[in-house]
Amino acid sequence: AVLRSTKDRRPDSYVIPPKTQRVAVVGAGVAGLSAALNLAQKKYPVTVFERQEGWGGSLRSHPRFAEFDADIALQFSAVEAEFRFGVEVKSLDELAEFDAVYVATGVGGDDFGLRQSWDCELLTTSDPKVFMGGTLTGATLMEGIAQGIEVSKTLEVFLQTGRAALTHGAFNKEACDRYFRHDGAVSAPLVVASGPEGYTADEAKAEADRCLLCDCDTCIAS
């Protein structure tokens, strides 16, 4: 339902001055694509290296990959990013011209000897300019997408200051002013899909509207 509905949605585009620092992303799977897209939206020159002849990583074997492929193309249509398919990076020395590198080579991919030094919070390694994430580090596909968003923030701090710093993470929800009390709240009924293909666009919106958009995890925990 999400993929079907995104066909009618224009990708995000932001009016931001272009940056000069160049970033290399090794791996065009879900994690690498997420990082590349978020960095490109911030107007960083991004080059993605992928040893296979196309993007998608493990999604390429999915029976409905054509839908994923179309959505990836749609999202990248609003940004500038260079893709070098059929190019295997065998040493990070090959990327010396770049100001930062994000390694997302997937399960069993090359970690260039940096996996043991990986910091799971900052997504950094012992090489100051090399960051790492995705299923290579044990993340799920969805976690890899989330890491791409977060590493784009951490990487930007690194490019601006010369050192990585935590720009995200857990916080005390109970003490946060945005914490929403649910005492007496009435649960909205679950929206049931009307057909075997899942939610229609209107049904998906109705189901999403049940969310109170708070910062807590009460609905998940209860």
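Points worth noting:
- Residue that is nearest to N38 (Cα to Cα) [pool: residues in region 79-126 that are small (G, A, S) and within 16 Å of the chain's Cα centre (by Cα)]: A81
- Residues of region 97-117 that are open to solvent by 50 Å² or more (accessible area, probe 1.4 Å) and of a type in the set (A, V, I, L, M, F, W, C): V107 alone.
- Residue in region 130-137 that is hydrophobic (A, V, I, L, M, F, W, C), under 12 Å from G27 (Cβ atoms) and assigned to a helix (DSSP H, G or I) present: yes
- Check on V89, surrounded by fewer than 20 Cβ atoms within 10 Å (Cβ to Cβ), in contact (Cβ under 8 Å) with a residue 40 or more places away in the chain and assigned to a loop (DSSP other than H, G, I, E, B): no
- Residue count, region 186-205 (criterion: in contact with a helix residue (DSSP H, G or I) (Cβ under 9 Å, 6 or more places away or on another chain), part of a loop (DSSP other than H, G, I, E, B) and either of a type in the set (K, R) or open to solvent by 50 Å² or more (accessible area, probe 1.4 Å) (or both)): 7
- Condition check for L213: under 29 Å from the mean Cα position of the chain (by Cα), at pLDDT 85 or above, farther than 23 Å from E67 by Cα and open to solvent by 60 Å² or more (accessible area, probe 1.4 Å): no
Residue-by-condition table, conditions (1) among the aliphatic types (A, V, I, L, M); (2) assigned to a strand (DSSP E or B):
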{"position": "A31", "(1), (2)": "yes, no"}
{"position": "A35", "(1), (2)": "yes, no"}
{"position": "Y44", "(1), (2)": "no, no"}
{"position": "T47", "(1), (2)": "no, yes"}
{"position": "W55", "(1), (2)": "no, no"}
{"position": "A66", "(1), (2)": "yes, no"}
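The values are calculated or read from the model by the stated rules, or taken from the named source; none is laboratory data. Quantities reported herein were computed from a predicted structural model and do not represent experimental measurements. When we count neighbours, we look across all protein chains shown, and the Cβ atoms used for this are built from the backbone with ideal geometry, even at glycine. Protein only, heavy atoms only, side chains kept; ligands, DNA and RNA dropped before computing areas. Shrake-Rupley method; radii C 1.70, N 1.55, O 1.52, S 1.80 Å.
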